[in-house]
Amino acid sequence: MTCRKLTRLVALLLMIGGVPAMADDIRREAVHFAPGTSGSTINGRIKGYNAVQYSLGVKAGQKMSVQLDSGNASLYFNITAPGASEALYNSSINGNGTSVTIPSSGTYAIDVYLMRNAARRGETANYSLTLYVE
């Protein structure tokens with residue numbers, strides 16, 4: 001990435017409310033669907049620099065749908081493949097709902113977090129996270 005493109009990306013992130021907060025406390029939870037189902041809705045709450053990382057095992061070729069609903073406009077999620085250094089999907093750029101085709105089998109992370117602007121104000125966000133795999 002050229003310096004000019006990097007500068008534009010940083011400016012864009014600052015215009016949309018900052019950058020993701022660096023989490024003080026990351027709660028980790030494994031997601032398991034009830035027998036005979038392909039999805040689940042998780043209701044949660046985070047505050048400030050805290051975050052939640054949900055892990056979900058999926059197979060290559062499956063389609064994973066993720067929808068995050070919250071009254072706090074600064075709440076987002078990322079989907080990260082196992083061993084990846086960058087997010088496969090970033091909802092702060094692409095919106096709080098997606099369906100992605102899984103490129104490789106493994107345990108994927110869905111990180112729910114507040115952007116830095118909201119985190120530093122100590123905001124709280126109640127949310128509903130719906131996960132579906134087919």
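The values are calculated or read from the model by the stated rules, or taken from the named source; none is laboratory data. Since we're looking at a predicted model, the values are computed, not measured. Here Cβ is always computed from backbone atoms with ideal geometry, including for glycine, and neighbour counts include all displayed protein chains. Keep in mind that these areas ignore ligands, DNA and RNA; they rest on the heavy atoms of the full protein, side chains included. Shrake-Rupley method; radii C 1.70, N 1.55, O 1.52, S 1.80 Å.
Restricting to the range 85-107, name every residue that is under 22 Å from R28 (Cβ atoms), touching a strand residue (DSSP E or B) at 6+ places or on another chain (Cβ under 9 Å) and not in a helix (DSSP H, G or I).
E86, A87, L88, Y89, N90, N96, T98, V100, I102, S105, G106, T107
So, in the range 90-132, of the ones that are hydroxyl-bearing (S, T, Y) and in contact with an Asp or Glu (Cβ under 7 Å, 6 or more places away or on another chain), which residue ends up surrounded by the most Cβ atoms within 10 Å (Cβ to Cβ)? Can you show your working first?
Step one: list which residues in the range 90-132 are hydroxyl-bearing (S, T, Y), which gives 91-92, 98-99, 101, 104-105, 107-108, 113, 124, 127-128, 130, 132.
Applying the additional criterion that residues be in contact with an Asp or Glu (Cβ under 7 Å, 6 or more places away or on another chain) yields 127-128.
Working: Y127: 19, S128: 12.
Per the stated criteria, the residue is Y127.
Open to solvent by 50 Å² or more (accessible area, probe 1.4 Å) and within 25 Å of P35 (Cα to Cα), is that true of E86?
Considered against the rule, which asks whether it is open to solvent by 50 Å² or more (accessible area, probe 1.4 Å) and within 25 Å of P35 (Cα to Cα), E86 comes out as no.
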Subset of the range 30-44, residues closer than 17 Å to L114 by Cβ and either of a type in the set (G, A, S) or surrounded by 13 or more Cβ atoms within 10 Å (Cβ to Cβ) (or both), comes to I42, G44
Please go through the range 60-77 and give me each residue that is among the polar types (S, T, N, Q) and either within 16 Å of N50 (Cα to Cα) or open to solvent by 40 Å² or more (accessible area, probe 1.4 Å) (or both), ordered by number. Q62, Q67, S70, N72, S74
